[in-house]
Structure formats: structure tokens, C-alpha cells
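Everything on this sheet refers to the single structure shown next.
The values are calculated or read from the model by the stated rules, or taken from the named source; none is laboratory data. It should be emphasised that the depicted structure is a prediction, and the values quoted were computed from it without experimental measurement. Positions of Cβ are backbone-derived with ideal geometry, glycine not excepted, and every protein chain shown enters the neighbour counts.
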Protein chains: 2
Amino acid sequence: MSTTMRDVARAAGVSVATVSHVVNDKPGARIGDDARRRVHEAVEALGYRPNALAKTLSEGSSRFIGLVADAIATTPFAGQIIHGAQDEAWRHGFVLLVANTEGNDEVENDAIAMMLEHQVRGILYSTWYHREITVPSTLQQSETVLVNCFTADDSFPAVVPDEEQGGRTATAELIAAGHRRIAFVNTTTPSPARDGRRAGYRAALVEAGIAVDEALEFDADPAQEGGYDVAAAVVDSGATGVFCHNDRVAMGLYDGLRERGVRIPEDIAVIGFDNQDVIAAHLRPPLSTVALPHYELGAAGVRTLLGLEAPPVGGRRLIDCPSVPRQSL
Amino acid sequence: MSTTMRDVARAAGVSVATVSHVVNDKPGARIGDDARRRVHEAVEALGYRPNALAKTLSEGSSRFIGLVADAIATTPFAGQIIHGAQDEAWRHGFVLLVANTEGNDEVENDAIAMMLEHQVRGILYSTWYHREITVPSTLQQSETVLVNCFTADDSFPAVVPDEEQGGRTATAELIAAGHRRIAFVNTTTPSPARDGRRAGYRAALVEAGIAVDEALEFDADPAQEGGYDVAAAVVDSGATGVFCHNDRVAMGLYDGLRERGVRIPEDIAVIGFDNQDVIAAHLRPPLSTVALPHYELGAAGVRTLLGLEAPPVGGRRLIDCPSVPRQSL
């Protein structure tokens, strides 16, 4: 890892600001002769090259890693992908360049071109929800790792949540709490989450010797309104536990159950998915759920890009979705 | 604005990927002679300099704007600050370098040093909630604009939400709906939001000829639990309308009112603050609120940094918090 301004500051026993003033020869900065001398000595001793850009030019690639995101920074949801990627990049001496494209192709092309012009070490291409994508042609020329998305032919290394394990975990929590008649409120939207969580739900039932009963599987719009609307059907099904596709559905279901005088967890136990900030911990009762591992997705993406982890088997590395127990079951 | 790879691609009638392959002389890229010739012609005609870093070195400052954020990208809240800053930066030919510091001083120092080493045009320093800060000493050497925060002496230009106008707007909505006995559930946390929203609440009452009654002002933890716990006191106060410090408090208050058989808005009208994603639009009934102008804060920060807007009067530019009417009043 190359020497940074911070290393120089430490060695010289001065602030980063002082180092910057001295090496950039800022007029107007009042720096004592002694501090100035110590900075120059530290620069020499550590072989510090003050201009990151000049350094990049001479070395042919920068200390940047690009992160192209469709809406990660602006949905109240997947920001931890950025956090994880940034922490991990930082740990290895890299800086994350983030471009949020809002799904706009022109912005995306510009962002990727900008990153290539700045000679990034590689690009993480990520989506705010787990889905199949087509990789833009501009990414063929860069080292690319997909985060929270994948291609149909798995031609790019990808890091994605293990939806099936997550669904199995949620269902197993209900079984462990003594439930045998367990409803599943799935999303109406075709997606890896829809297929994976259902496969996990069924696998957990089978594992526990409980027959899969399709009459206990419901489809709902994956928002509060969907959960509210399905409440009557869930009650009528005679289920004593219900696994909701996400926490927003669980939040709506809470309202629907409450209107019917059904108590959580005494009458029906509820488990969600996502561990969504703002709501999961703050429902009444606080919602037991399974977390989407956003932080870990970002961090694993960087490790894969830097070659610190072997490339994922079969194109996709699956990241565990851990159980987050609270009071709803 | 200088020529980008994208301009060259347009002029040559090829993809950005092709331009990149040709100008970077990538081995292995199969590009037809005709396309290669057209790219070279466009590069010459437009005076394109393929290496952004070389260009920066020769020009002395880069096309980067830095955004140092405490937790904007990782709280389900203020991500639109990034979105607004990025859109506005982009519009003027700049690219946003985002560093999320999680409030860690060391990470912050490193991030700022990195930005200075990359010769950013200036730095936006921003916080996920509106508050007073002390500006790190490293920022003295860069052009800096504060976003969603300010210094006690207003020595840095700052762009912040107009909390008082927001509080006035929320209260005026309740008055316009016919209410005269209006409770205010404020936060227990000292902050510009606490003081500003209360000042606005009182100003709106006075403007409408309604006496300020401190018995109608309550303090609550600014989360769902705080709103739930204050429900009994609100009901006992005889208020017919209540302005909540934020939408999370309103969400908890909904639960507390519901348990008491109090209907919204028939028995008590409720208005929130923040227009918080995930919850405001999805409560039952959907919550009328006042929006924090996060997108506009980011955009105005960039305009101020680039000198496209006159520096704010008295150090702080106030951004309006607009009303978002729904069904809770």
C-alpha cells in the first residue's frame, strides 16, 4: 500500500492539514519552520508523492474502485451496500467512487466512462434489490463484480443474498416456536426473492415433516397495503404462524390482524424479511425477521474485485441472511 | 465544459466502449478499421484528451466535487442529499466523490485528505440530520459548503432546511382544516428542528388568533415508541388536531390512538414531518406531512459551491419544507 498524506502527518507529528499546506505550498498558511522541516523530512523518509493523480498516471491504475448503483443511495434500504464496500475498500487502501444512476442509461454510461477515464481498479455494479440484469457493454472493458444482481449466464462474478437459506431460516424459526400450520405471504413480483424464499419455506416444512399445503401460500403486493389486504385470508386459513415476504407486508398485516382482534404473537406469530430500518424494530410488538446482508454484500464485492476471495463458484457467491429475533413469535 | 468520451462516441457514431478501447489502445478488442478511424477523427475534431487525470494535472484542479457525509448513505433517510448533489454536479460537468464517515474522525480525516490529494474543486460537508457542527481543520484549506449543518459563528456558507417555515406550514394545515385546539408533540432532543418547528407552530397559532397554550406542547422520544407513549396525554388534552415532530412519532401515535378507539382523522387529525419514505404514505390512513427538502439541499449545496448562487445571507440559505397532503386530516 502506498504512502498517504496521513502517514506523513503521523511521522511528522503534525495534522493532515499541515502536511497538505506544506506539500501544496499554500500561500497564506502559517506553518512554523520546525513543522515545515519535519514534514519535508517525513516526505523524504517515506517516499511520499504528494499528488495522487501524478502517481496514478505513472502507475497506470488508480486507487479508486467504482460503484455504479441504480438507486442504492436514494432508497431507504440498501445504503449499507455502500457502507460495506467503502469500509472494505478503505481497509485495502482504495477509495470508493460512487455513482447513483437512478436506472437512467445515459447517466450510467457517463458514470462508467468517467470511472474508466479515472483508471479505476475495477467496478462494482449493483442494484438496490436482488435481480437479474444485462451488463452494459461499457463494463466489458473493466474488471467488474456484480453486487445484489447477476446475469442469466453467470458470465460475471456476482455476490447475492441467499434467498433460499433466508426463507428456510424464517420458516424454521416459526417451526421452532411450535407452529405447524404456517402461512407464507409471498410477493406478486417475479424475482429471485420470490422464488428463493418460497423454496426455502417449502424446504423447511419438508425438513420438519410438515406437508406443503399450497392453500397456505398467498400472493400480495410487497408493501404495507398488500399485507393489510391479505389479513382476512390469512386468518381464514387457520394458520397460527405466518412468514411475510418482507417487513412492509408484515407491517400492513399487523394492522389487518389488529382490526380483527387477532393478537400477535398470542393468536398468530409473524416473521418478516429484510430487517428494514425504521419499521422492523418499531412495530408493536417489535418484528422478528431475517436480515438482508447489505453490508456484507458490499464488502464481499470489494474482496472479490481485489482478488482477496476466490471467485464465487458457478458465478454467484451466496451471502447468508441471518435471523433477527424480536417479539412477534 | 470539456469534451468527454461520450461526446466522442456520439460524434463517431460508436459506443463509449469502442471509444475507450481505441483511445486506450486495448489489446484484444476487436474494433473495425472504419470505427477506429472515425474515433480518431472525432478525437481530433473535438480536441478530446483521453486521460482525465492528465487533464487535471495540467489544469490544476479536477472535475471532482467531494461530499463528506456522516451517515447520509446509510441511514434510511437523507440519501436524497446525495441524489440532488450528484444531479446538480453532473449538470455542470462535475462528478461527485462520496465518502461516508459514520462520524469516525479518522475516516473523515482520511476522506478529506484523499479528496484534497485528488484536487477536488471543493467539498460539501453534510450531516444526516440538521445540526450545529465544528468544521474539521482540514477543511480550512478547501472551498467548503455545509449541507444540512452549520457552524455557531456562521463562518462557512451553509444550506439548511427552514424548520420554522415547516412548523408553520404543518400547523397552518391543521388550522385550515378547521382545528383550533392543536397539540404539538415535539422531540426531547435539543436541535434546530426542535426549536424551529416549535417557533413555527407558535407563529402559525398567533397568526390565526389562537392563544398559545403550553399545556398542549408535549415532549417525546422522536421515534414510534415516543409517539405511542404520548397518546394518552394527547387524548386527555382535548386536542382535535396534533402536529408530530416527525413521521415516526406519528406512526407510534397512530397505534396509541387506535388502542383507545380514537379515529384518525374523524376524532383527531394528525400531521407529521419529514415525509419519511417507507412509512408516511403507507400508514392507515396515509399520513399528511411536511417534507424535508433533502434533494434540494444537495443541489443547492453544489450550486453554492460552484458560485452559481449568491452566497447565502447571514451564512445560511434556508430551503423550504413543502406540505405533502394525504388523508390524516
Inside region B:101-115, the number of residues satisfying the requirement of being more than 21 Å from residue A:7 (Cβ to Cβ) and either touching a helix residue (DSSP H, G or I) at 6+ places or on another chain (Cβ under 8 Å) or facing another protein chain (nearest Cβ under 8 Å) (or both) is 1
request  = Could you check, for region B:228-241, whether at least one of its residues is of a type in the set (Ser, Thr, Tyr) and more than 14 Å from chain A (Cβ to nearest Cβ)?
outcome  = yes
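Quick grid of which residues meet (1) surrounded by 22 or more Cβ atoms within 10 Å (Cβ to Cβ); (2) modelled with pLDDT under 95:
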{"site": "A:152", "(1), (2)": "no, yes"}
{"site": "A:161", "(1), (2)": "yes, no"}
{"site": "A:177", "(1), (2)": "no, no"}
{"site": "A:181", "(1), (2)": "no, no"}
{"site": "A:185", "(1), (2)": "yes, no"}
{"site": "A:192", "(1), (2)": "no, no"}
{"site": "A:198", "(1), (2)": "no, no"}
Checked against (1) within 19 Å of the chain's Cα centre (by Cα); (2) surrounded by fewer than 24 Cβ atoms within 10 Å (Cβ to Cβ); (3) among the small types (Gly, Ala, Ser), residue A:137 satisfies every condition except (1)
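To keep it simple, each residue is scored yes or no on (1) within 11 Å of chain A (Cβ to nearest Cβ); (2) assigned to a helix (DSSP H, G or I); (3) modelled with pLDDT under 80.
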| residue | (1), (2), (3) |
| --- | --- |
| B:18 | yes, yes, no |
| B:41 | no, yes, no |
| B:49 | yes, no, yes |
| B:65 | no, no, no |
| B:75 | yes, no, yes |
| B:84 | yes, yes, no |
| B:88 | no, yes, no |
For region B:105-134 the number of residues that are surrounded by fewer than 17 Cβ atoms within 10 Å (Cβ to Cβ) and at pLDDT 80 or above is 4
Q) Do the conditions hold for residue B:2, that is, is it within 30 Å of residue B:300 (Cα to Cα), at pLDDT below 80 and among the polar types (S, T, N, Q)? A) yes
Flagged in region B:181-203 as touching a Lys or Arg at 6+ places or on another chain (Cβ under 7 Å), without any contact (Cβ under 8 Å) to a residue 60 or more places away in the chain and in a helix (DSSP H, G or I), in numbering order, are B:200, B:203
For this session: State whether the residues of region A:304-313 include one that is at pLDDT 95 or above, more than 18 Å from residue A:167 (Cα to Cα) and in contact with an Asp or Glu (Cβ under 9 Å, 6 or more places away or on another chain).
Result: no
How many residues of region A:141-174 are among the small types (Gly, Ala, Ser) and farther than 27 Å from residue A:306 by Cα? The answer is 4
Among residues of region A:148-190 being among the hydroxyl-bearing types (Ser, Thr, Tyr) and outside the structural domain of residue A:218 (by TED's automatic domain parsing), the residue farthest from residue A:271 (Cα to Cα) is A:155
Residue set B:277, B:255; condition touching a residue at least 60 places away in the same chain (Cβ under 8 Å), closer than 22 Å to residue A:276 by Cα and of a type in the set (D, E, K, R); output residue B:277
_Please verify whether residue A:239 is under 16 Å from residue A:174 (Cβ atoms) and touching a Cys at 6+ places or on another chain (Cβ under 6 Å), treating the condition exactly as stated._
no
Screening A:296, A:309 for residues that are surrounded by 19 or more Cβ atoms within 10 Å (Cβ to Cβ) and touching a helix residue (DSSP H, G or I) at 6+ places or on another chain (Cβ under 9 Å) leaves only A:296
Every listed condition ((1) among the small types (Gly, Ala, Ser); (2) over 25 Å from the mean Cα position of the chain (by Cα); (3) in a loop (DSSP other than H, G, I, E, B)) holds for residue A:310 save (2)
Among the residues of region A:116-133, the number that are closer than 14 Å to residue A:144 by Cα, more than 9 Å from every other protein chain (Cβ to nearest Cβ) and not hydroxyl-bearing (Ser, Thr, Tyr) is 6
In region A:257-279, anything surrounded by 21 or more Cβ atoms within 10 Å (Cβ to Cβ) and either of a type in the set (Gly, Ala, Ser) or outside any loop (DSSP other than H, G, I, E, B) (or both) is listed as A:257, A:269, A:270, A:271, A:272, A:274
